[in-house]
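Working notes for the structure below.
The values are calculated or read from the model by the stated rules, or taken from the named source; none is laboratory data. The structure displayed is predicted, hence computed values, not measured ones. Cβ placement follows ideal geometry from the backbone for every residue including glycine, while neighbour counts extend to all protein chains displayed. Heavy atoms of the whole protein, side chains included, go into the accessibility calculation; ligands, DNA and RNA do not. Shrake-Rupley method; radii C 1.70, N 1.55, O 1.52, S 1.80 Å.
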Amino acid sequence: MKNFLLLLIVCFFCACSNNIAKTGEKSSEVQRLINKTYEQMIFVEGGSYMMGDPRQAFVDALGEDAWTQYFTAGDNIPVHKVTLDSYYMGAYEVTYADYDVYTNSIGKELVLKKYLSRNGHVRDPQNPVGISWHGAKDYCQWLAEQSGLPFNLPTEAQWEYAARNRGQVVVFATDNGKVERGRNFPEHSKYPKHVGKFPPNPMGFYDLSGNAYEWVNDWYEKDYYKHSPEINPQGPKNGTEKVKRGGWAFLGPPDSTTVARGFSDYLDKNYPSTGFRCVINTDKPLPVK
């Protein structure tokens, strides 16, 4: 009996040691993700710009036919003044590798797990994670809890300000404001690409035009630009859909990936074509190690 009790005690302490080791390993993995996230944040100095769809710039770049086809929804007008505080925004879309650290740390099932058995084309670890708005929001809030910093999804105004190089009049958020397939923009394909595969915009942000749509924090309201406040607009107070910015470049036409407002969608479904990036709403230096 004594030997049996001793064996039970030894097994108990071994199990505890293993759990402690796993917990420590998980904590290290989370800390590496946080450090990586800090390192990939770009500081965006606040300022004012005219948000919305500068019609003539789009007509000049795409032609009147493209304008009529893609930009007559009326939800990206009128052009209106916006003034933003400074903030940080991720240079890259959050990847499956990043997101899996989060889901593993909270004991949640891997997102879009079904694609693991499909040759990895969609769910490549370095591709932008396909996620619902709730899943994107939860990730940014989890980073806030882990770091003590005000992580969040970007507002629509923050996203556009960064995509337009602090409010310049450009059509696409590429290195030169134009689309050159294969050089600064994905070729047409069935699947998204690794994040950061093509040159960033002048501020250093990758894939703002191209790769995947991106969730922002705002509720969608077609006429919101008509009464949006100037200072740090947060979007409507409620709604049924959230705004998506950027575009589905690997399947959709370049014309639908401009820096103007584009799409909205329901909150709950994990879309392989829709990812996100986070912001940190502070102007203080980050604790980069």
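Here are some notes:
- Whichever aspartates and glutamates have a C-alpha closer than 16 Å to that of residue 226, once near sequence neighbours (fewer than 8 apart) are set aside: 53, 75, 156, 218
- What you get for region 131-289, charging only the Cβ of Lys and Arg (+1) and of Asp and Glu (-1), is a dipole of about 320 debye around the Cα centre.
- Model label sites at residue 32 and residue 222, defined 7 Å from Cα along the beta-carbon direction, differ in position by 4.9 nm.
- Accessible surface ranking that places the most exposed of 117, 209, 28 first, with a 1.4 angstrom probe: 117, 28, 209
- Each residue was assigned an accessible area with a 1.4 Å probe, and for residue 180 the value is about 70 Å².
- Listed pairs 36/237; 108/178; 114/197; 137/190; 222/269 exceeding 30 Å between Cα atoms: 36/237; 108/178
- Computed FRET value (nearest 0.05) for residue 268 with residue 39, which takes r as the C-beta separation and R₀ as 22 Å: 0.10
- Each part reduced to its alpha carbon centroid, region 259-289 and region 101-124 end up 19 Å apart.
- Highest to lowest packing among 270-282, 223-235, scored as the average C-beta count within 10 Å: 270-282, 223-235
- Scaling against 2.2 N^0.38 Å puts the C-alpha radius of gyration of region 174-234 at 1.44.
- Computed over region 84-197, the convex hull of the alpha-carbon atoms projects to a mean area of 8.4 nm².
- Ranked packing of 120-127, 258-265, most packed first, by mean Cβ within 10 Å: 258-265, 120-127
- Compared with the direct C-alpha span, the chain from residue 117 to residue 85 gains 7.1 nm at full extension, assuming 0.36 nm per residue.
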